[in-house]
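Some notes on the structure that comes next.
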Amino acid sequence: MDARWCPNCCTIHARGVDCPGELQTTGPEAPGWRVNVTTPRGVEAYGVLIAQCGDVWRARIMTFPNILWKAPGIGGTMKFVGADSVEATDQAISFIRHHCHERGYALRNARSLDAPRSSPERSITGRPLGPKPRKIRFLPIRFGSVRPSEPGGTGNLSETGLYVITESPFNPGDPLNLMLRLKTQAIDLRGQVIWMTQEHRVGQPPGMGIALALPPAGYLDYVRALP
C-alpha cells in the first residue's frame, strides 16, 4: 500500500490504515533523545520530544532551540506514534538518521536521556525535565571551561537552562563554568553546551544553549520572579 504523510494526524501511514487522529496530548511533552549534527550551516542540535496521547505516545522532532519539523506537503508538525515512548522515539530517531544520511550530514554526540517508558525524561541533574518557560532577559554573563573569563550576554533564561549570546560559542557537549551578574549579586553556575550557532539570524543572534546542572536557589528565585 502507498504510505504517505496524513493531513489529519501528520504521521506516515498507509492508505486504508486507521488514522490515529489529531494526537492531542494527555500528559506533558518532554525532551528525549538528541544529537548534534554537522551541516553546511554549522553545528545544529536535533532532538525528539515525546508526550502521551491517551493509549499511545507521540514523538516530534525539533531543531533547537524551538523549530519543530513540518510534515512535507502538509504544513503541520510531523509526528510519530508508538505503543510506548520508546517505540515512538525510535521511529523519530530513524527518520532523523535517514534525513541526515540523504543530505550527507554527520551525526555526533548522540545522547539519550534514558527515561522510563511512562514518565517524563530527566535532566543531567536527575530532576524531572518538563518544558520550562523561557524568560527574555539580557544580562551580562561570563563563561569558560575553567574560569568564567569570556564575556557574553543572556538571550533568555529558564529554571533548567539559558541562552548565551556570544560570537565565540563553545561546542556541544563542552562543560562550562558561568558567572551571571545581577544588580545586587553575581551567581556562579555550571552547565553543558547543548547546541550552538555562529550564524546571524533574524531574532537569533549567535551563541549557545546551556543546560544547567543544579542551579543554586538564588538563580531559581530570580528566574521564577521574572514576569
*From the residues in the stretch 49-70 that are in contact with a Phe, Trp or Tyr (Cβ under 8 Å, 6 or more places away or on another chain) and at pLDDT 90 or above, which one is surrounded by the fewest Cβ atoms within 10 Å (Cβ to Cβ)?*
T63
*Mind listing whichever residues of the stretch 49-64 are within 18 Å of R97 (Cβ to Cβ), without any contact (Cβ under 8 Å) to a residue 40 or more places away in the chain and either of a type in the set (S, T, Y) or assigned to a loop (DSSP other than H, G, I, E, B) (or both)?*
T63
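So that you can scan it fast, the table gives a plain yes or no per residue for (1) in contact (Cβ under 8 Å) with a residue 24 or more places away in the chain; (2) buried (at least 17 other Cβ atoms within 10 Å of the Cβ):
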residue	(1), (2)
T154	yes, yes
L162	yes, yes
I165	yes, yes
N171	yes, no
W195	yes, yes
A211	yes, yes
P215	yes, yes
D221	no, no
A225	no, no
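I'd like the full set of residues that are assigned to a loop (DSSP other than H, G, I, E, B) and aromatic (F, W, Y), limited to the stretch 163-215.
Once the filter is applied, which keeps residues that are assigned to a loop (DSSP other than H, G, I, E, B) and aromatic (F, W, Y), the stretch 163-215 yields only F170.
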_Just the residues that are surrounded by fewer than 16 Cβ atoms within 10 Å (Cβ to Cβ) and outside any loop (DSSP other than H, G, I, E, B), please, taken from the stretch 6-48._
A14, T38, T39, G42
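The values are calculated or read from the model by the stated rules, or taken from the named source; none is laboratory data. All values derive from a computational prediction rather than experimental measurement. Here the Cβ is made from the backbone with ideal geometry for all residues, glycine too, and neighbour counts use every protein chain on show.
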